[in-house]
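The block underneath contains the structure these notes are about, expressed in structure tokens.
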Amino acid sequence: MATIKKKHIVIIGPAYPLRGGLATYNQLLAIKLQDQGHQVRIVTFSLQYPSILFPGKTQYSTDPKPEHLDIEVSLNSVNPLNWVRLGRKLKKEKPDLIIFRYWMPFMGPCLGTLGRIVSKNKHTKVIAIADNIIPHEQRFFDSAFTRYFVGGCDGFVTMSESVLSDLKQFTTTKPAAYNPHPMYESFGPQLEKADARKKLGLQEDGKYLLFFGFIRKYKGLDILLRAFADKRIQEAGIKLIIAGEYYDKPDDYQAIIKECNLENALVQANDFIPDSEVSTYFSAADMVVQTYKTATQSGVTQIAYYYHNPMLVTDVGGLAELVPHNKVGYVTSPDINEIADAILDFYSNSRETAFIENIKTERLRFTWDSMIAKLFEVGEV
């Protein structure tokens, strides 16, 4: 990679003490930028969501504070006076680059105001990594808030082609580029499958699929549960690990489990999975399954690549861009029978070894160096 002048960079988005994939990503991006010699600070939220809007049990991590990262907890997502104070501070500080993390329109007014204020110093470039432009679960204010946010940025990097296309509804003149979501590399080493299964109390020679992450309607766990009701899957002894906290009411899912007599086919760990346990779940699984109804890109896919997990994804959003069909896994429609057929093919034709060999090559596409180069390119740094 070409030599780049060392820069002062501020990342604005979730980070410790907040939990979740966004925080993990932002912290890993900061580490990779520091490894290149840049001066990096993360500005994260003192208030990310009002508790009434947060669907989970807690917004805060139970993991230790990351070492060697400068994390400032100072941004209040709902207090305009806070936005102005922080914006003026950053304007005066004159970082070379601000990187916003934009994943939902609720953050549009806050981040859009910061971008407008900071840009007045005529020095700082304001770039957004956009997970979503049009959200999975839409609300009446989404378009206005996103338009305001876009107006406060100089350029954009999206992590799926579908989001890049969505962005064109809001701007066609500002620099924008696609770079796939890099692999998560911060959850610890891969374990031997037998050791991981022993830690989780699973059968060493069992057949286990993994559904991982926050459980929300758009992620299609209901579809996967109904696919698991297929008599052929039950007779094959295939089991599903559901590892993640419900962000929806669990009643609808539990009704399907009861209706389809799936209790003995499931391993349920329905709490937030801390970073220290992520490697155990992925190391224990034969294949990771994402039967999403809508999607852009997915951090779960990039964890699976890191742990050499074959994947089954539905052909929605940008998931198919990441998972070449019949090479590292399966791309299916959200059809229950098609999903069940792919699961059965995986085991009956012993696909795991060949898929893993292909993953070793395919995962080379998902590097942090590529993402950083794209950010600098869009920001003309």
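FYI, it's all coordinate maths here, none of it is from the lab. Because the structure is predicted, anything quoted here is derived from the model rather than measured. Using ideal geometry, Cβ is built from the backbone for each residue, glycine included, and neighbour counts are taken over all protein chains shown.
Exceedance of the 32 Å cut-off in Cα-Cα distance is limited, within the set Lys7/Lys174; Lys65/Lys239; Lys125/Lys249; Lys94/Lys360; Lys5/Lys193; Lys6/Lys193, to Lys65/Lys239; Lys125/Lys249; Lys94/Lys360; Lys5/Lys193; Lys6/Lys193.
Pairs of C-alpha atoms in the range 213-265 farther apart than 17 Å represent 33 percent of all such pairs. For Lys89, a cut-off of 20 angstrom between C-alpha atoms picks up these aspartates and glutamates, skipping any fewer than 8 places away in its own chain: Asp70, Glu72, Asp154. Take the Cβ atoms of Asp345 and Asp63, set R0 to 45 Å, and the FRET efficiency comes out at 0.75.
Phi-derived couplings, Karplus 6.51 cos²θ - 1.76 cosθ + 1.60 at θ = phi - 60°, listed residue by residue for the range 243-253: 10, x, 7, 6, 9, 10, 5, x, 4, 5, 5 Hz, with x used for Gly and Pro.
Under 5 Å from the amide H of Ala15 lie the amide H atoms of Phe45, each residue being 5 or more positions distant or on a separate chain, with H modelled from the backbone and absent for Pro and chain starts. Quickly work out the Lys198-to-Ala236 label distance, labels modelled 7 Å from Cα along the C-beta direction, and quote it in nm with one decimal. Calculated label separation equals 2.8 nm.
Roughly what angle does helix 80-93 make with the longest principal axis of the chain, taking Cα atoms, 0 to 90 degrees, to the nearest 10? On a 0 to 90 degree scale, this one is about 70. Over all pairs of different C-alpha atoms in the range 193-365, the reciprocal of the mean inverse distance, the Kirkwood hydrodynamic radius, equals 15.9 Å. Placing pseudo-labels 7 Å out from each Cα toward the beta carbon at Gln39 and Lys94 gives an inter-label distance of 1.2 nm. Under the definition of Cα pairs under 8 Å and six or more residues apart, what whole-number percent is the relative contact order of the chain? Value for the chain: 15 percent. Once the gyration tensor of the Cα atoms in the range 138-225 is diagonalised, the equivalent ellipsoid follows with semi-axes of 40, 18, 11 Å, ordered largest first.
Given axes a ≥ b ≥ c from the Cα gyration tensor, I'd like to know whether the range 6-133 is rounded (a/c under 1.5), prolate (a/b larger than b/c) or oblate.
Here the range 6-133 falls in the oblate category.
For the chain, what D do you get in µm² per second when you plug the Kirkwood radius from alpha-carbon pairs into Stokes-Einstein at 10 °C and 1.306 mPa s? The Stokes-Einstein estimate is 73 µm²/s. Between Gln190 and Gln268, the FRET efficiency estimated from the beta carbon spacing at R0 = 25 angstrom works out to 0.60.
Between the helical axis of 352-362 and the longest alpha-carbon principal axis of the chain there is an angle of about 20 degrees. Here each label is just a point 7 Å from Cα along the line to Cβ, and for Lys5 and Ser143 those points are 4.2 nm apart. Rounded to the nearest 10 degrees, the angle from helix 368-379 to the longest Cα principal axis of the chain is 40 degrees.
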